[in-house]
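Have a look at the structure below before the remarks.
The values are calculated or read from the model by the stated rules, or taken from the named source; none is laboratory data. Please read these numbers as outputs of a predicted model, since none were measured by experiment. Reconstructed Cβ throughout: ideal geometry from the backbone, glycine too, with neighbour counts over all protein chains shown.
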Amino acid sequence: MLEVLRSKERGRTKIDWLDSYHSFSFGEYYNPKNMGFGPIRVFNDDLILPSGGFPTHPHRDMEIVTIVTEGAVEHRDSSGGEGIIRVGEVQKMTAGKGIFHSEFNASDKNILKLYQIWIIPNQLRLKPSYEDIRYNIDEKKNKLLLVASNNHSDGVIFLNQDAKIYLADLEAGKGIGYKTEKPRGIYLHVTEGKVAFAGTELSSGDAAKLTEIESLEIVSDQNAGFILFDVAMNF
């Protein structure tokens with residue numbers, strides 16, 4: 001099964017310091033037919049102006065993954081934790097039994113672009129914690145780079161859910177294959193350029209929900225980037 005979500009169909013929040021696109025229902029954007037995909041509950045594409053950011057707010061029982069694509073984000077929380085996430089870094093916050101958290105553009109001059117993903121965990125009331133990983137941009141050139149999974153032995157961010165997150169950049173004329181295990185689902189979000197698979201073309205901001213498939217070959221005739229999720233659908 002294939003369902004395509006076009007960029008122009010996403011929800012949007014635009015205020016003085018924030019321009020955010022919502023691939024799933026979030027905030028004032030509500031679509032009962034688009035509440036997520038498997039355990040993925042939120043996928044937001046955020047642009048935050050210099051010095052702008054989200055003031056202190058609560059989170060609970062959610063795995064929150066942040067992927068920075070431009071600039072740097074500064075975060076602080078009620079446990080005393082703080083830090084800065086930059087391009088080439090991915091962070092996961094386990095909100096667990098509850099935490100108060102803030103996120104701001106770390107610069108007063110440059111814009112910040114990031115993806116924030118919320119994944120429903122397989123356990124409730126976990127102890128709040130952080131984990132991050134650094135990678136070299138070249139590590140995802142023409143291949144899938146695993147940055148998060150539910151297997152400690154992978155040596156990447158650990159997710160308290162049966163899910164994997166991959167990053168990839170494709171050069172023009174290149175392709176990447178991926179094999180799945182039924183009854184798992186694949187969520188593919190294009191971050192830049194255009195990609196194609198099985199006769200379907202996706203442009204930047206587009207996404208596809210795929211279920212009941214065994215494999216796919218993702219190709220592009222131009223430089224492109226995407227994020228791929230491999231998730232259990234019976235969580």
When you scan the stretch 72-87, do you find a residue that is farther than 18 Å from residue 109 by Cα, outside any strand (DSSP E or B) and aliphatic (A, V, I, L, M), even just one? no
Can you tell me which residues in the stretch 202-225 are under 24 Å from residue 11 (Cα atoms) and either more than 20 Å from the chain's Cα centre (by Cα) or not in a strand (DSSP E or B) (or both)? 204, 205, 206
All but one of (1) touching a residue at least 12 places away in the same chain (Cβ under 8 Å); (2) farther than 16 Å from residue 120 by Cβ; (3) of a type in the set (A, V, I, L, M) hold for residue 15; which doesn't? (1)
Which listed residue, of 114, 49, is closer than 29 Å to residue 6 by Cβ and either crowded, with 20+ Cβ neighbours inside 10 Å or small (Gly, Ala, Ser) (or both): 114
Only listed residue being among the hydroxyl-bearing types (Ser, Thr, Tyr), crowded, with 16+ Cβ neighbours inside 10 Å and outside any loop (DSSP other than H, G, I, E, B), chosen from 66, 56: 66
Residue check: is residue 166 surrounded by 15 or more Cβ atoms within 10 Å (Cβ to Cβ), over 15 Å from the mean Cα position of the chain (by Cα), in contact (Cβ under 8 Å) with a residue 40 or more places away in the chain and not in a loop (DSSP other than H, G, I, E, B)? no
Per-region count, the stretch 1-33, residues buried (at least 18 other Cβ atoms within 10 Å of the Cβ) and farther than 14 Å from residue 206 by Cα: 2
Going by the conditions given, is residue 98 free of Cβ contacts under 8 Å to residues at least 12 places away in the same chain and either out of contact with any Asp or Glu (no Cβ under 7 Å at 6 or more places or on another chain) or β-branched (Val, Ile, Thr) (or both)? no
Has the stretch 2-25 got at least one residue that is among the aromatic types (Phe, Trp, Tyr), part of a strand (DSSP E or B) and over 13 Å from residue 115 (Cβ atoms)? no
Scanning the stretch 195-212 for residues that are without any contact (Cβ under 8 Å) to a residue 60 or more places away in the chain and either surrounded by 17 or more Cβ atoms within 10 Å (Cβ to Cβ) or under 22 Å from residue 34 (Cβ atoms) (or both) gives 195, 197, 201
Checking the condition touching a strand residue (DSSP E or B) at 6+ places or on another chain (Cβ under 7 Å), at pLDDT below 95 and charged (D, E, K, R), which residue from 184, 134 passes? 184
Check the stretch 103-111 and report whether any residue there is hydroxyl-bearing (Ser, Thr, Tyr), part of a loop (DSSP other than H, G, I, E, B) and surrounded by 16 or more Cβ atoms within 10 Å (Cβ to Cβ). yes
Restricting to the stretch 169-185, and then to whatever is in a strand (DSSP E or B) and either of a type outside the set (Lys, Arg) or in contact with a His (Cβ under 8 Å, 6 or more places away or on another chain) (or both), can you tell me which residue is nearest to residue 210 (Cα to Cα)? 185
Regarding the stretch 139-162, can at least one residue be identified that is crowded, with 16+ Cβ neighbours inside 10 Å, of a type in the set (Gly, Ala, Ser), closer than 24 Å to residue 184 by Cα and touching a Ser or Thr at 6+ places or on another chain (Cβ under 8 Å)? no
